[in-house]
Each structure stands twice: as C-alpha cells, then as structure tokens.
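Undergrad: Before I ask anything, let me first share the structure, which is written out below as structure tokens.
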Amino acid sequence: MKKVLVATVKPFASEAIGRMRAVVEAAGYELRLLEKYSDKAELLAAVADVHALIVRSDQCDAEVLNAASELEIVVRAGAGYDNIDIETASKKGIVVMNTPGQNSNAVAELTFALLLYLVRNGFNGNAGTELLGKTFGIMGYGNIGMHLARIAKGFGMDVMGCSPTLSPEQATEQGIRYADGPIDLFSSSQVVSLNIPGNRDTRGIINRELMMMMPKCAILVNTARKEIINEADLEKVLEEREDFRYAADVAPDNRELLEKRFPGRVVFTARKMGAQTDEANINAGTAATSQIVAFFQKGDATFQVN
Ligand code: 3PG
C-alpha cells in the first residue's frame, strides 16, 4: 500500500486535511500527517518509508530526500518550489510537482489587505490616501498577477504588468498595460507588487536603483520571497525616501530594525500567510493528493517541474 506523508510546519486547515484524506483513501493508500514539527529529525524519521510526500514551504533538502528511500514523488502544495532540492530529487529519480494557481487568489487578496493597511495608516484614524487612479505594477505576471489585476481594476487602479512570458499583445488581451521590463514598471507605478519566483536569477534583484525610481508615495508589497529584496538597499531607501513604504508577508531578516526605525512605514505579518486561507489550503491540498493518485495510477506527470 502506498504511503502518502503530509509534512507541514504550517498545517493545512482541518477541512483541507479531511478532503485530502478522502482522495488518498479512496485510492486505497494511507495518509500520514506530520504537522507543526520543530525538529528536522522528526521529518527525517517520518519520510523513511513513504512513497509520496506533500509539503508547503518545508525545507526538502538532500538530507531529507536521502532519508526517504522509498520516495517516488514530492508535491509542493503551492507555487514556488525553491524549498526543494530539485537537483538531488532528479538524480534520485524522484518526481517533483507543484500545484500552480491553487492558492493564487489568497495571495492576491492578502496583497490588498497589506496595501490598505498602509494607505490607511494602520487604521489609526489619521487621513490616509486612496487607491483609485493610482498605477499598480505587477512584477511577475502569472496566476497571482491575474487575480491582482482583477482586484486592482475593481479599485479603479491603472494596472501594469511585467514578466518575461508576457507579450504586449497578451497584456492588451488581459486589459492591462505592458511594462517593458522592471525599470519601466518601477518608474511608472506608485504601487508595485512582487510576484516573481525565488531562485538564483532573482536573488537580490529588487535593489536601491529600482526602488528609488518609483513615483512619489511609493508602496512596495512583497508576498513572493524575502530573498528577492536586497535588504540593505531596502533600509537605505526607507532612510532616503520618507514617502516610501514596504509591506511583506515574507519578512526580511532585518525586520526588527526596520520596524523600530520606520514605524508605520513597514508592515510584516506574524508569519508567511499569503496562501493561508481555508480555500487555498483545500485547493492546493486536494490538487496535491489528486496529482499523486493520478501519478501512481496513470503515470500522469502533468505538473512535474524537474
Ligand atoms: C507558494 O509558493 O505557493 C506560496 O509561497 C505559499 O507558501 P505556503 O504554502 O508556505 O503558505
């Protein structure tokens, strides 16, 4: 009998687990849970005899993959798979998949929650500003970007998008303006939302030069990965520009320093929580289990990323 382990430091909502269990058990497999673990040794022990593994942002490095001698497939229930050692997985013949699009709306909604918090001064009662008529730039126009564009248009914002895979024609079809690269996007948008993947190519690319280019009363929202921001540059920009604000659910390492130095101009959530809704958990979790069942039963590797 195939054993499917769900290993999540940040657990799925209980309804999601119920639905995931139903999918796995209907296929005749066993679902195991390792939630809120604090010690890597727990994960290493739990993966020892499982055939499939479902994770969220949990670190799946070579040590974890090497400890899982029966492992055939890892599904990252979510979009970004920078937490999985793809090279080692590929060498070991382990299939890696993600569940693209399943948690995108949740991330897009959190972006606007953070944005509204900042433009309304943390709801402290003082006069803030409005979103209507402002330009909203989406850096990385994928599944989340499409939801962001829909919401931003609802606020009456002018939407711009920038992505290596977005053509001017596609932008027109999507009803947004095409940005010809990050410089065009940052220099035109009062608000920029970062939605690019975290990898070697994107590490630290959001730098002082780009942030300084943003128009007056700039707000940068990062619900992607903390590594894409040059943190020293972010601190410099907040120092040099009193009109610059920053929000993230992926807090930088210098979070406490920034909160102390720039109160009211930075906001960070308690933990990474863009995808943390019942709906996103159900969508991503059940997609992960269905993909595993389809892989074992039919060899379906549709969402394979390695
Ligand atoms: C993703 O890549 O899908 C998001 O960053 C969500 O991450 P999470 O599953 O850890 O909330």
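The values are calculated or read from the model by the stated rules, or taken from the named source; none is laboratory data. Computed from a prediction, not measured in an experiment: that's the story for all the values here. Glycine gets a Cβ as well: all are built from the backbone with ideal geometry, and neighbour counts include every protein chain shown.
Undergrad: In the list ALA113, ALA108, which residue meets the criterion of being farther than 16 Å from ILE292 by Cα, within 16 Å of the ligand (Cβ to nearest atom) and surrounded by 22 or more Cβ atoms within 10 Å (Cβ to Cβ)? Let's see the steps before the verdict.
TA: Working: ALA113 fails: surrounded by 22 or more Cβ atoms within 10 Å (Cβ to Cβ).
Result of the check over ALA113, ALA108: ALA108.
Undergrad: Another question, if that's okay. Examine the stretch 293-301 for a residue that is assigned by TED's automatic domain parsing to the domain that holds ARG76, β-branched (Val, Ile, Thr), out of contact with any strand residue (DSSP E or B) (no Cβ under 7 Å at 6 or more places or on another chain) and not in a loop (DSSP other than H, G, I, E, B), and state whether such a residue exists.
TA: Yes, some residue in the stretch 293-301 is assigned by TED's automatic domain parsing to the domain that holds ARG76, β-branched (Val, Ile, Thr), out of contact with any strand residue (DSSP E or B) (no Cβ under 7 Å at 6 or more places or on another chain) and not in a loop (DSSP other than H, G, I, E, B).
Undergrad: Any chance the stretch 77-86 includes a residue that's in a strand (DSSP E or B), in contact with a strand residue (DSSP E or B) (Cβ under 9 Å, 6 or more places away or on another chain) and within 26 Å of THR289 (Cβ to Cβ)?
TA: yes
Undergrad: Tell me whether the stretch 250-266 contains one or more residues that are buried (at least 18 other Cβ atoms within 10 Å of the Cβ), within 16 Å of the ligand (Cβ to nearest atom) and outside any loop (DSSP other than H, G, I, E, B). First the steps, then the outcome.
TA: Here is the first cut: in the stretch 250-266, the residues buried (at least 18 other Cβ atoms within 10 Å of the Cβ) are 250-252, 258, 265-266.
Now drop any that are not within 16 Å of the ligand (Cβ to nearest atom), which leaves 250-252.
Okay, now just the ones that are also outside any loop (DSSP other than H, G, I, E, B), so none.
The answer is no, given that none of the residues of the stretch 250-266 is buried (at least 18 other Cβ atoms within 10 Å of the Cβ), within 16 Å of the ligand (Cβ to nearest atom) and outside any loop (DSSP other than H, G, I, E, B).
Undergrad: Return the pair list, or none, for Cβ contacts closer than 7 Å from residues in the stretch 13-42 that are within 24 Å of PHE296 (Cα to Cα) to residues that are charged (D, E, K, R) and part of a loop (DSSP other than H, G, I, E, B), at least 6 apart or on different chains.
TA: TYR29/LYS2
Undergrad: Let me ask something else about it. Across the stretch 221-236, which residue is surrounded by the fewest Cβ atoms within 10 Å (Cβ to Cβ) among those that are touching a Leu at 6+ places or on another chain (Cβ under 7 Å) and under 12 Å from VAL266 (Cβ atoms)? Outline the logic, then answer.
TA: Pass one, the stretch 221-236, residues touching a Leu at 6+ places or on another chain (Cβ under 7 Å): 221-224, 228, 235.
Keeping just the survivors that are under 12 Å from VAL266 (Cβ atoms) gives 221-222, 235.
Numbers: VAL221: 25, ASN222: 27, GLU235: 18.
Only one residue fits best here, namely GLU235.
Undergrad: Every residue in the stretch 195-204 that is more than 22 Å from ALA149 (Cα to Cα) and either touching a helix residue (DSSP H, G or I) at 6+ places or on another chain (Cβ under 6 Å) or free of Cβ contacts under 8 Å to residues at least 12 places away in the same chain (or both), please. Please lay out each step first, then the result.
TA: Just the residues of the stretch 195-204 that are more than 22 Å from ALA149 (Cα to Cα), to begin with: 199-204.
Within the stretch 195-204, ARG200, ASP201, THR202, ARG203 meet the criteria.
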